[in-house]
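To start, the structure under review is shown below, and the notes come after it.
The values are calculated or read from the model by the stated rules, or taken from the named source; none is laboratory data. All of these numbers come straight from a predicted model, not from anything done at the bench. No Cβ is skipped: glycine too gets one built from the backbone with ideal geometry, and neighbour counts run over all protein chains shown.
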Amino acid sequence: MSSTLGVPVPDQAAYMLRAAAGDAGRAYKQQLLDLLDIQPGQTVLDAGCGPGTDLPALARRAGTHGTVIGVDRDPAMLVHARERTHGLDQVQIREGDIHALPVEPGTVDRAKTDRVLMHVAEPADALAQLHRATRPGARVGLAEPDWDTLIVDAEDLETSRAFTRYTTAEVVRNATIGRSLARLAEQAGFRTEAVLATTPVFRDFQDADHTLGLGRIMQRAVDEGHIDRDRGRRWFSSLSDGPFYASFTLVSVVCVR
């Protein structure tokens, strides 16, 4: 399947794994895991684990006497997560929604959610669920983009701006969740310990197109009448001519129960 801009629609699990494997993905994930300070023997929750990208790293840190719980509501994602953690006996894969976590209250020592809250119906309710699941003194890591900060270099600056406006208004449910993480976490009862902002930079057009969905989102904007078809085609075609630049801000928050 592809759009009329010629951009294929990616397999969701493959997309998530590739995004996590890039330089920007590896850097912020490593930073978040370090700040979580997972100790051997602890119970660790990955809420919205997707295809299990981070579960092996969590399992290494929790050790053979720890427990790692990966929760996701998508059965297809859980198939990948089980395959990825085959042989890791300390990992448990559970189907469930972040709004109703299948975890006993007060049993989790460390928890994380990564690029999940931007998609959920009620981020505040999801954070309340994390608060319910964790023990007093538990550490929780949250990481979310702020899509209002997405910039794509092009001679047609107005179309780049229109692309970002469309992304934030129509594509991502909670597009500015990154800037709100610390406030929402404290409202849920957590104490904020660290707030960090990183800026993933994309210099390769193909990589950016895959990760940021430039062609896919532009096609939607054109189809829905937000951007003129010829204007959108010219903008997208121009991105692969010469040097390319795009970036956005990703916010990571580490808090304590």
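Being surrounded by 20 or more Cβ atoms within 10 Å (Cβ to Cβ), within 23 Å of Ile177 (Cβ to Cβ) and in contact (Cβ under 8 Å) with a residue 40 or more places away in the chain, is that true of even one residue in region 65-76? No, the conditions are met nowhere in region 65-76. Checked against the criterion of being in contact (Cβ under 8 Å) with a residue 12 or more places away in the chain and either of a type in the set (D, E, K, R) or buried (at least 20 other Cβ atoms within 10 Å of the Cβ) (or both), the candidates Phe190, Phe205 yield just one match: Phe190. Got a number for residues in region 187-213 being over 17 Å from the mean Cα position of the chain (by Cα), assigned to a helix (DSSP H, G or I) and within 30 Å of Leu127 (Cα to Cα)? Number of matching residues: 1.
Can you give me the number of residues within region 128-186 that are part of a helix (DSSP H, G or I) and among the β-branched types (Val, Ile, Thr)? Quick ask: steps written out before the conclusion?
Applying the first criterion (part of a helix (DSSP H, G or I)) to region 128-186 yields 128-133, 157-171, 177-186.
If we keep only those that are among the β-branched types (Val, Ile, Thr) as well, we get 159, 164, 167-168, 171, 177.
Residues flagged as part of a helix (DSSP H, G or I) and among the β-branched types (Val, Ile, Thr) within region 128-186 amount to 6.
For the condition without any contact (Cβ under 8 Å) to a residue 24 or more places away in the chain and hydrophobic (A, V, I, L, M, F, W, C), what is the one hit in Val79, Val120? Unique residue meeting the criteria: Val79.
In this structure, is Ser240 modelled with pLDDT under 95, more than 21 Å from Arg26 (Cβ to Cβ), more than 18 Å from the chain's Cα centre (by Cα) and of a type in the set (Ser, Thr, Tyr)? Steps first, answer last, please.
Values: modelled with pLDDT under 95: yes; more than 21 Å from Arg26 (Cβ to Cβ): yes; more than 18 Å from the chain's Cα centre (by Cα): yes; of a type in the set (Ser, Thr, Tyr): yes.
Yes.
Residues that are modelled with pLDDT under 95 and among the charged types (D, E, K, R) number at least 1 in the following helices (runs of 4 or more DSSP H) confined to region 10-84: 12-21, 23-36.
Considering only region 92-114, state which residues are without any contact (Cβ under 8 Å) to a residue 60 or more places away in the chain and either buried (at least 24 other Cβ atoms within 10 Å of the Cβ) or part of a loop (DSSP other than H, G, I, E, B) (or both).
Result: Gly96, Ile98, His99, Leu101, Pro102, Val103, Glu104, Pro105, Gly106.
In region 230-257, the residues that are surrounded by fewer than 16 Cβ atoms within 10 Å (Cβ to Cβ) form Cβ pairs under 6 Å with partners that are among the hydrophobic types (A, V, I, L, M, F, W, C) and part of a helix (DSSP H, G or I), at six or more places apart or across chains, as follows: Ser240/Phe205.
Here are some residues: Arg94, Arg110, Arg132. Which one is basic (Lys, Arg), farther than 20 Å from His65 by Cα and at pLDDT 95 or above? Give the steps one after another, and end with the answer.
Working: Arg94 fails: farther than 20 Å from His65 by Cα; Arg110 fails: farther than 20 Å from His65 by Cα.
Being basic (Lys, Arg), farther than 20 Å from His65 by Cα and at pLDDT 95 or above holds for just one of Arg94, Arg110, Arg132, which is Arg132.
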